[in-house]
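The structure under discussion appears below in the form of structure tokens.
Since every read-out is calculated from the coordinates, none of them should be taken as a lab result. As the structure is a computational prediction, the values presented were derived from the model and not from experiment. All Cβ positions, glycine included, derive from the backbone under ideal geometry; neighbour counts span all protein chains shown.
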Amino acid sequence: TRLILATRNAGKITELHAILADAGLDLELVGADAYPEIPDVKETGVTFAENALLKAHALAQATGLPAVADDSGLCVDVLNGAPGIFSARWSGTHGDDRANLDLLLAQLSDIADEHRGAHFACAAALALPDGTERVVEGTMPGTLRHAPEGTNGFGYDPILQPEGHEVTCAELTPAEKNAISHRGKAFRALVPVVRELLG
Ligand code: ITT
Ligand code: NA
């Protein structure tokens, strides 16, 4: 079965290929980049789940193929969950990971270690051309460093130290991150749903 990955984020695509390959499904994964004529959907939802469903439905409707989408972000305790759904555009420039991370660190510069709790969150949505939809979520708790460390991954990975680890997400190998990440948890939970609906 062809399954569209309704994302244009290269970091997500790499991780989704690995996570879904491990599931042993007979899927041909096709990135949204294969459909440049389909415009990016406006992320007008107020939750990760709403935005993930918007993206999955847009690609499923436009291509006539089943689509999965990811909406995700970093939720900081002392910021009441911000940047949250605004994580990709926190600095004002969508997808400028370095500017987003630098701004967040500056905003938290006075916050002591014991108050630097945060988590990554991911909603994984599946939409079929007939309108059927499913969405599941996963989180990865941790604490925020004062300075970035590590070069693996993407986004805010260099500043989140996952619970139970002494290194940042950007110092984990891709397999180590996927085993504990918000995205790994969400998409592994979506796999039985994909299997049920797509065979
Ligand atoms: P698509 O909508 O095309 O999927 P996007 O980058 O716009 O791509 P989101 O709106 O879901 O996707 O934004 C997610 C942002 O949250 C992303 O830009 C990162 O800054 C951050 N993020 C999500 N997952 C992350 C992870 O595993 N590691 C580090 N940062 C992550
Ligand atoms: Na987005």
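Close Cβ contacts (under 8 Å, 6 or more residues apart or on different chains) running from residues in segment 30-58 that are farther than 20 Å from Val135 by Cα to residues that are in a helix (DSSP H, G or I) comprise Tyr35/Leu59; Tyr35/Ala62; Tyr35/Thr63; Ile38/Ala32; Ile38/Ala58; Ile38/Leu59; Ile38/Ala62; Ile38/Thr63. Answer yes if at least one residue in segment 36-47 is more than 16 Å from ligand 2 (Cβ to nearest atom), over 15 Å from the mean Cα position of the chain (by Cα), under 19 Å from Gly184 (Cα atoms) and of a type in the set (D, E, K, R), and no otherwise. No: segment 36-47 contains no residue that is more than 16 Å from ligand 2 (Cβ to nearest atom), over 15 Å from the mean Cα position of the chain (by Cα), under 19 Å from Gly184 (Cα atoms) and of a type in the set (D, E, K, R). Number of residues in segment 1-26 that are assigned to a loop (DSSP other than H, G, I, E, B) and surrounded by fewer than 18 Cβ atoms within 10 Å (Cβ to Cβ): the value is 6. For segment 63-114, filtering for residues that are free of Cβ contacts under 8 Å to residues at least 40 places away in the same chain, outside any helix (DSSP H, G or I) and within 16 Å of ligand 2 (Cβ to nearest atom) leaves 8.
Of everything listed in (1) buried (at least 20 other Cβ atoms within 10 Å of the Cβ); (2) free of Cβ contacts under 8 Å to residues at least 40 places away in the same chain, the single unmet condition for Thr143 is (1).
Residue-by-condition table, conditions (1) under 18 Å from Cys122 (Cβ atoms); (2) out of contact with any strand residue (DSSP E or B) (no Cβ under 8 Å at 6 or more places or on another chain):
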position	(1), (2)
Ala23	yes, yes
Glu28	no, no
Gly31	yes, no
Glu43	yes, no
Thr63	no, no
Gly84	yes, no
